[in-house]
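Here's the structure, in structure tokens; my notes come after.
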Amino acid sequence: ANFSEQVVESFPSDISTGIYYGWACVGNGDVHKMVLSIGWNPFYKNIKKSVETHIIHTFKEDFYGEILSIVIIGYIRPEKNFDSLEALISAIQEDIEEAKRQLDLPENLKLKEDNFFHLPEGKIVNNH
């Protein structure tokens, strides 16, 4: 799930590029583990900074147009380039496994239940 340019531009400018982990919720649905990439994705030679969320869950259908709420809990590694698509895919799999391990820790697991994810129906936060 990629955030729009407008949302990416609203992220704090001093946040380091790299791979993060945390919790994500689509609309008013369930909260799931996620891995987040912030940066330019050097392997794909992007010229615009992007924020891409990989929700560790299989959805039954697309959720284009839904509100995506995230809470970033921790940092996994800096952004880097890869020699091959296979190396990139391998790193992504390692990032997902690290995120799962970290998010299963009691201090991180309790954040899944934060009121942030349980907004009143239809409430707009920060213009999103």
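The values are calculated or read from the model by the stated rules, or taken from the named source; none is laboratory data. The structure presented is a predicted model; accordingly, all values stated were derived computationally and were not measured. Because the Cβ atoms are built from the backbone with ideal geometry, glycine has one as well, and the counts that use them run over all protein chains shown. Calculation scope for accessible area: heavy atoms of the full protein, side chains included, ligands and nucleic acids excluded. Shrake-Rupley method; radii C 1.70, N 1.55, O 1.52, S 1.80 Å.
Residues that are at pLDDT 90 or above and assigned to a loop (DSSP other than H, G, I, E, B) within the range 59-79 comprise Pro78, Glu79, listed in sequence order. Out of curiosity, is Asp95 open to solvent by 40 Å² or more (accessible area, probe 1.4 Å), over 24 Å from Gln6 (Cβ atoms), at pLDDT 95 or above and acidic (Asp, Glu)? For Asp95, the condition - open to solvent by 40 Å² or more (accessible area, probe 1.4 Å), over 24 Å from Gln6 (Cβ atoms), at pLDDT 95 or above and acidic (Asp, Glu) - is not met.
Residue-wise test of (1) at pLDDT 95 or above; (2) more than 19 Å from Glu5 (Cα to Cα); (3) open to solvent by 50 Å² or more (accessible area, probe 1.4 Å); (4) touching a strand residue (DSSP E or B) at 6+ places or on another chain (Cβ under 8 Å).
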position	(1), (2), (3), (4)
Gly29	no, yes, no, no
Asn41	no, no, no, yes
Asp83	no, yes, yes, no
Leu88	no, yes, no, no
Lys100	yes, yes, yes, yes
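With Lys45, Lys33 as the choices, which residue is among the basic types (Lys, Arg) and under 26 Å from Glu107 (Cβ atoms)? Of Lys45, Lys33, the one residue that is among the basic types (Lys, Arg) and under 26 Å from Glu107 (Cβ atoms) is Lys33. Within the range 6-22, being open to solvent by 100 Å² or more (accessible area, probe 1.4 Å) and at pLDDT 85 or above holds for Gln6, Glu9, Asp14. When residues in the range 49-70 are screened for being closer than 19 Å to Asp114 by Cα and of a type in the set (Gly, Ala, Ser), 1 of them pass.
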